[in-house]
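Data block below; observations after.
The values are calculated or read from the model by the stated rules, or taken from the named source; none is laboratory data. Only a predicted model underlies this, so the values are computations on that prediction, with no experimental measurement involved. Backbone-built Cβ (ideal geometry, glycine too); neighbour counts: all protein chains shown.
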Amino acid sequence: MIRLWAIAGLAVTASLATFAFANAATVIHVASTFPMSMPLFSEAASRLSDQVDSLTDGEVKLIFHVPGDLAPVSDTMNRVSSGEIVAAWSTAGQFAGHDSAFELLSSIPFGPGTVEYMAWLFEGGGLSLSRELFANYGIHNVPCLVLPPEGAGWFSKEIRSADDLKGLRIRFFGLGGRVLTRLGANVVQTPPGEIIDAIKSGKIEAAEYSLPSMDLALGLQNVAKYYYFPGWHQPSTLYELYFGEATWRGLTDKQHETIETVCAAVMRDGIGQAEAMQTDALDEIKKSGVKLRRWSPDLLLTFEAAWSAVAEEEMGTNPRFKEIYQSYERFRNNYGFWKRFSYLR
C-alpha cells in the first residue's frame, strides 16, 4: 500500500511525499528557502540527504529542491503548515508572519552565541517551547544547523550615526529589521536571490544576508563598498528541517531517531566549518576593495537600546513571545554566572 501527499496547485509531481511499505523507500521532497549553491547550506543539505539514506538503508530519502521549485520562498513555510508541501529546509523567522515568537527561534539580537544558543535550546527548555509553538501550525521541527555571527550589513556609504539610517532602504531579516525600522530605516524583505538586482536597480541601498563566506558567494562585494561588523542582530542563527505533522507521523520511531542524529552531526560539523572558513572569505572580500568597518560603541548602544524597546513592546502584546523570551533570559542569567567565572572572555 502506498500513500501519497499531493501538492495542491503545483504542476510538478516531484513534490510528492511517498510512504511505502514492502521495502519501498519513503521519499520526502524538501523545499529549501536558501540558495542551494551557498557554502554551508549546500554541504549541510548534501550530508543530510546522504546520511539519512545510508543510515536507514535507503528506507528514507530526503530530496532537496532549490528555492521556488516547490513553492515561493515567502510562502514555503505556510505550505508546509497547510499540507500542500511536506517538508522545508529553512529558519523559524520565515514563519514570523503568523507569530513574532518564531523570530526568537531563529536568532535573538544581542543574544546567544552558538554554544549558548544550543545550551538553551537542548537543555534550557528552548526546544520544548519551539515544538509547542510549531505544533499549533501542524509542523514538527528538527534543529539541523547553527551558524556563528553574521556580518551586520553592506552599505554604499559609511554609517557614522543613527541619523545615517533614517530613510535608508535596506534589506534586513528578522528582529534586527524591527530595530532598524524603529531607528527610521525603511526595511525591505527581499529573497536572497534578488538582493543583488535590488541593489543594482536602486530598489534598496543596503543589505544584510549572512556570514562573510555566503555574502561573498552571493556577490555583495560587487555592489557595496562598506561591510559592517559585528552582527549584533544575529549573534547566532538556527536552521532546521520542518516536516508536516502527517509526514513526521508517517515515519517510524527509528527513522525519527536517525534524522535527529544526522541533524545533530551536521550541526556539530557546521559549527567548526563555519568558524574556520570566514577568515579566507574576509581576505577575499578585502581584496575586492571593500572596506571592513566595526560599529562604533555609541551605535551599538543605540541598537541595543532600540532592541530592548522592541522586545518590551512585543512582550506586552504577544504572550508567546514573552514566554519564549523570558525562558531565554532566565537561562542567560544563570549561564552568565558560569560564563563570567570560567571563560577568559
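Remark: residue 194 falls outside the filter, which requires a residue to be assigned to a loop (DSSP other than H, G, I, E, B) and either farther than 30 Å from residue 257 by Cα or of a type in the set (Val, Ile, Thr) (or both). For the stretch 142-188, filtered to residues that are part of a helix (DSSP H, G or I) and among the small types (Gly, Ala, Ser), the residue that is nearest to residue 102 (Cα to Cα) is 174.
Return yes or no: is residue 322 free of Cβ contacts under 8 Å to residues at least 40 places away in the same chain and surrounded by 15 or more Cβ atoms within 10 Å (Cβ to Cβ)? Spelling it out, residue 322 is indeed free of Cβ contacts under 8 Å to residues at least 40 places away in the same chain and surrounded by 15 or more Cβ atoms within 10 Å (Cβ to Cβ).
Of all the listed residues (92, 119, 87, 71), the sole one being surrounded by fewer than 23 Cβ atoms within 10 Å (Cβ to Cβ) and assigned by TED's automatic domain parsing to the domain that holds residue 272 is 119. Among residues of the stretch 249-277 that are within 25 Å of residue 59 (Cα to Cα), those with a beta-carbon under 6 Å from a residue that is modelled with pLDDT under 95 at least six positions away or on a different chain give the pairs 250/19.
Scanning the stretch 70-120 for residues that are polar (S, T, N, Q), closer than 14 Å to residue 242 by Cβ, assigned to a loop (DSSP other than H, G, I, E, B) and touching a helix residue (DSSP H, G or I) at 6+ places or on another chain (Cβ under 6 Å) gives a single hit, 106. Taken over the stretch 1-32, the criterion of being closer than 15 Å to residue 72 by Cα, of a type in the set (Ser, Thr, Tyr) and at pLDDT below 95 is satisfied by 15 alone. Please find, within the stretch 211-230, the residue that is nearest to the chain's Cα centre (by Cα) out of those that are assigned to a loop (DSSP other than H, G, I, E, B) and either basic (Lys, Arg) or surrounded by fewer than 24 Cβ atoms within 10 Å (Cβ to Cβ) (or both). Taking the candidates together, the pick is 230.
Within the set 281, 265, 274, the sole residue that is more than 27 Å from residue 175 (Cβ to Cβ) and either not in a strand (DSSP E or B) or not assigned by TED's automatic domain parsing to the domain that holds residue 220 (or both) turns out to be 265.
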